[in-house]
Amino acid sequence: MPILRSAFIALSRNTTLRNFSERSAMGRRMSSRFVAGMTVDEVLRSAESLQKSGIASTLDSLGENVSTPAEAHHSADIYHRLLDAIQTRKLDANVSLKLTQMGMDLDPGLAEEIVAELVDHAAAANTFVRVDMEGSEYTQATIDMVRRLHARPGNRGHVGIVIQSYLYRSEDDIRTLTAEGIRIRLCKGAYKEPANLAFPEKKDVDANYVKLMQQLLTSGVYHGMATHDEQMIDATKKFVRQQAIDPASFEFQMLYGIRRDLQKSLVREGFRMRIYVPFGAEWYPYFMRRLAERPANALFIARNLLKQ
């Protein structure tokens, strides 16, 4: 499985295969399990459908590493459309974005200006912007930017971040962020990192996830526990019972198209559930990282394609 994981991560960076896949009918069929369409209207329909089932959503316009300021502003315009729609349609939804999509590699000042405008818009619409975490080369800059934006008047509770349990530094980062009331989405991490920065063994990543989950759920801040791992979910439920934590004080989070049975089960048990719903034509890197996280998904998709 580690070999397959590395292979899928390598494929996620293959521009030739990406260009072919994103333009082919077969590629779009493959991605449809994990990607809620190509357009804003399609992702909004998915959010409305989830809401009818008692499930909230996080909307993500797929795309990374823009090459011009115009592309960064175009990416932001899509998010402004989403924020307007969340407000007018009264959706239980927020948005998630990547800093490289907002021009971080071109000019960090440009990216911060663009994201600041989106957070202002989210605050006016009474919703929330999650700044996603990318590879470790962006970790400190992402944390610093989110802290600055959160500290601006009117922004408290309207901008948050993602922390990855496979990084050694995450415990200290969580301590800093929660002290400032910043909401965190805790996940295991989907990028390939060197052993001097990240736990190389799954058992150590899992143990750190449980440790960080406990740190978050006792922080007094509303956080998201993002996992499909039933052991991590069971550990969270056990800790909640032991500590008499209000289930409404946090939420479980999962990815669109993965473990729908488990999503519905947790809702029936009275837990809050939010689904990360990606959309857009630039789906290939995201799709490959989902296969890297769980290579068995590739077999599942192959079986479904053969049935069609």
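The values are calculated or read from the model by the stated rules, or taken from the named source; none is laboratory data. Please read these numbers as outputs of a predicted model, since none were measured by experiment. Note: accessible area is taken over every heavy atom of the protein model, side chains too, but ligands, DNA and RNA are not part of it. Shrake-Rupley method; radii C 1.70, N 1.55, O 1.52, S 1.80 Å.
Compute the relative contact order of the range 78-200 as a whole-number percentage, counting only Cα pairs closer than 8 Å that sit 6 or more residues apart in sequence.
Details: 165 pairs, mean separation 25.8, N = 123.
Value for the range 78-200: 21 percent.
Quick one: compute the contact order of the range 154-200, relative version, from alpha carbon pairs under 8 angstrom and 6+ residues apart, as a percent.
Values: 48 pairs, mean separation 23.2, N = 47.
Once normalised by length, the contact order is 49 percent.
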Pairs over 31 Å Cα to Cα, from Lys90/Lys264; Lys90/Lys192; Lys90/Lys202; Lys52/Lys237; Lys90/Lys211, come to Lys90/Lys192; Lys90/Lys202; Lys90/Lys211
On the accessible surface of the range 128-175, probed at 1.4 Å with all protein chains in place, carbon and sulfur together account for a percent value of 47 percent
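Would you work out if the range 179-274 is rounded, prolate or oblate? Take a ≥ b ≥ c from the square roots of the eigenvalues of the alpha-carbon gyration tensor; rounded if a/c is under 1.5, else prolate when a/b is larger than b/c, oblate otherwise.
On the way: a/c = 1.74, a/b = 1.27, b/c = 1.37.
Note, shape of the range 179-274 comes out oblate.
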Amide H neighbours of Arg185 at under 5 Å, excluding residues fewer than 5 places away on the same chain, with H built from the backbone geometry, are Ile161, Val162, Ile163, Gly224
Per residue, accessible area of the range 173-286 with a 1.4 Å probe, heavy atoms of protein chains only, in Å², comes to 43 Å²
Under the Karplus relation with 6.51, -1.76 and 1.60 and θ = phi - 60°, whole-Hz ³J(HN,Hα) for the range 173-183, x at Gly and Pro, equal 5, 5, 4, 5, 5, 5, 4, 9, x, 8, 6
Shape call for the range 24-133, from the Cα gyration tensor axes a ≥ b ≥ c (a/c under 1.5 means rounded, otherwise prolate when a/b beats b/c, else oblate), comes out oblate
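So how do Ser67, Ser165 rank on accessible area, 1.4 Å probe, biggest first, that is with the largest at the start? Walk me through the intermediate numbers first.
Values: Ser67 80, Ser165 0 Å².
Ranked list, largest accessible area first: Ser67, Ser165.
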Note to self: Kirkwood Rh of the range 77-194, Cα pairs, one decimal, Å, is 14.6 Å
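Ignoring ligands, DNA and RNA, what percent of the 1.4 Å accessible area of the range 28-98 is carbon and sulfur? Write out the running numbers ahead of the final one.
On the way: 1510 of 3160 Å².
C and S atoms contribute 48 percent here.
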